[in-house]
1. Touching a residue at least 40 places away in the same chain (Cβ under 8 Å), open to solvent by less than 50 Å² (accessible area, probe 1.4 Å) and not in a loop (DSSP other than H, G, I, E, B): does that describe I329?
2. Could we say that T622 is outside any strand (DSSP E or B), of a type in the set (S, T, Y) and modelled with pLDDT of 85 or more here?
3. Could you list, ordered by first residue, the pairs with Cβ atoms under 9 Å in which the first is in segment 226-248 and farther than 19 Å from R258 by Cα and open to solvent by less than 50 Å² (accessible area, probe 1.4 Å) and the second is hydroxyl-bearing (S, T, Y) and at pLDDT 90 or above, at least 6 apart or interchain?
4. Which one of the conditions (1) in contact with a Lys or Arg (Cβ under 7 Å, 6 or more places away or on another chain); (2) open to solvent by 60 Å² or more (accessible area, probe 1.4 Å); (3) at pLDDT 85 or above does I543 fail to meet, given that it meets all the rest?
5. So if I check each of K360, K389, K396, which one is at pLDDT below 90 and buried (at least 17 other Cβ atoms within 10 Å of the Cβ)?
6. Does at least one position in segment 185-192 carry a residue that is at pLDDT below 85 and touching a Lys or Arg at 6+ places or on another chain (Cβ under 7 Å)?
7. Determine, yes or no, whether N345 is part of a loop (DSSP other than H, G, I, E, B) and more than 30 Å from W424 (Cβ to Cβ).
Amino acid sequence: MIVEVVKENRIKKYSSYQEIDTLELRKIKELLDEESLEYVSSNVRNILKITKENSSDCFSVQKGTNNIRSGFRVILYIRLSEEDGDLIDGDISRSIRNQLLLLLDECRKRGWKVVAIFCEEGISGADNNRPEWNKSLKYCECRRTEIVLCKSQSRFSRSMEMIETYLHTKFMEWNIRFVGLVDSADTAVKGNKKARQINGLVNEWQVEDQSINTREILKNKKENGLYATAWMPYGYIKDPKDKYHLIIEDEGAMVVRRIFDDYLKGMGAEKIATALNEERILPPYEHMRKIGLKIRYDNAKKIITYQTEKEETIKSISDKFYINFQEIINANTFLEDNENFIETNSKIEERILKEGILLKIHQRSIWTAKGVRSVIKNEAYTGCLVLGKYHNKSYKDKTRVAVSKDEWIRVPHCHEPIIDRNKWLMANDRLESNNKGRNKPQKNGNLMEYSKKVYCMCCGRAFQKSAGLKNDKNNYYLRCKAIRSSETGAFCDNRKTLKKSELDQILLEKINEQIKKYYDLSKVEKNYYENKVNDDVSKELEILNSEKNEIQATIYKKTDMLSLLYEDRTNGVITADEFIMIKNKNNVDIENLKERLLKIDEKIFQLEQRKGKELRSKELFTKYKKVKKIDRTIINEFVDKIYVGIYDKETEQREIKIVWNIKEC
């Protein structure tokens, strides 16, 4: 049994730095009094090799004041971000050292004593959830410093709201002075306030528009079929010759194909996940690590303390956690001692363990039903680029927000498909049908053939399995779910059951009737119809894509105009009021153009769906000359829904209406 579960410790890796004692590092250490430090961020501690621990009460309120103290206590806040061009040749350590040297030298000149250093990497100044920044504010609130020193005001914050809240309100209450060296921001200078406010406003505008520019550039790349994102779908890797192009990764692609095949055969997602785990097939993140891909996902592994139960073996425990038995032996070397086993004649993994032994088990990620469903839903496997599913809440708030499906960026035929589009559509039709209501697999893990396919023509509720036939294990009765009034609170007159075998026969005849009608059409008729559909859709798509390109070009021009406006405002060509008026007008125009783009994308998607359905019908009729037996795959390919009417006792018949996945002939 499981006794305890803890997360494995992970040591954060910082950017590499020179191990040699450089002149720069010696100068920094010379300027820094380590004994006076109460708090140092871990990245600075790592670079300077500071061994002194942070004070345990550094975020506690300072009791009383030290009137004898000479000089001022100062904290340094350092922030690095790409938006400010801080990273020097990608070297984080060097960029931190540069700011440290500048700030420490200023403290030496003014006779200030540094008591804490807070340092942030790769975070925008518009983000109000910066961990080290929030710590520095807490430190200030506790009255443990008199001065906050930064390279510039924009390092502290690029949010006008935060500048007003802290520099001009909270810091005044706490008797704290803020100093920015490069832009001469100093709250001790009374006439400096307006300059700080203008700086704060311009800094916020700059981040906002830079965010818009970056987002538009990335969006343009994606809309043109470039895979401009770090994450790759399982089963693909980035082309070594072109980082914007995906190529198939064979091992992962085999698993993807297997998932689709098993799902369309009627296996439930839970059963598929269990089978993959039993075969020790690594889930996506683990597989990507195995093949050497660098991924952001860094979920700490769980270490389980497990107490052995009666008649358990290392092999049976490894099967329980879906890991290799050798991993258990490696993590618990004492198992090599025979005293831990009841018998020692068999292989070590098959020997029966003594009851009550405590084992450490490093649990890895496993396949789940949710993971299987996410593979099935991923349209990228059809060769279609699908991006833009999430975006940040704003340039200030990096919280990820789901984007409406209609607004996703979808560009077909961007890379080699792993799954045929028709197969993907069938799997997702079934998945969508399952999600609309309870569609549980049977005890064997497979779905009933007609699960979420048959509905009552009277009340619209789903038909469900009623009872099996004693003499025929593969046959059963179907009936409307609403007739169990005591359970559902509903009542339906469509009470007579329907044998699965009877429905099979009706459906078989209807499907073969559609196939026959298709082949009865002359070749000329078929070609004319298919060409007409393709021509009409292609012409409409061409017009829409042309308009889309024109709108995108206009948006880029208006976005570039904002950058020129900044230069004009800085050089005094236009006034602040003129700048705001033009900027607001430009932003309204851009938003209107974006709304039109959304409508165009929606129409393009609908046309592609229509064209896809026509092609799907042709492929299905080409694939099946005649259907001999009804199974889950055939039902999924041909049928969307089946409606069953009330049984007529006089005619001994009932109406059966089929809604096809194909274009009815």
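The values are calculated or read from the model by the stated rules, or taken from the named source; none is laboratory data. Keep in mind it's a predicted model, so treat the numbers as computed, not measured. Heads up, the Cβs are rebuilt from the backbone with ideal geometry, glycines too, and the neighbour counts pull from every protein chain shown. Ligands, DNA and RNA are stripped out before the accessible areas are found, and what is left, the full protein with its side chains, is counted by its heavy atoms. Shrake-Rupley method; radii C 1.70, N 1.55, O 1.52, S 1.80 Å.
1. On the way: touching a residue at least 40 places away in the same chain (Cβ under 8 Å): no; open to solvent by less than 50 Å² (accessible area, probe 1.4 Å): yes; not in a loop (DSSP other than H, G, I, E, B): yes.
No; evaluated as a whole, the condition is false for this residue.
2. On the way: outside any strand (DSSP E or B): yes; of a type in the set (S, T, Y): yes; modelled with pLDDT of 85 or more: no.
So T622 fails the test.
3. Y227/Y236; L246/Y236
4. (1)
5. Numbers: K360 fails: buried (at least 17 other Cβ atoms within 10 Å of the Cβ); K389 fails: buried (at least 17 other Cβ atoms within 10 Å of the Cβ).
Among K360, K389, K396, only K396 is at pLDDT below 90 and buried (at least 17 other Cβ atoms within 10 Å of the Cβ).
6. no
7. Details: part of a loop (DSSP other than H, G, I, E, B): yes; more than 30 Å from W424 (Cβ to Cβ): yes.
When the stated conditions are applied, N345 passes them.
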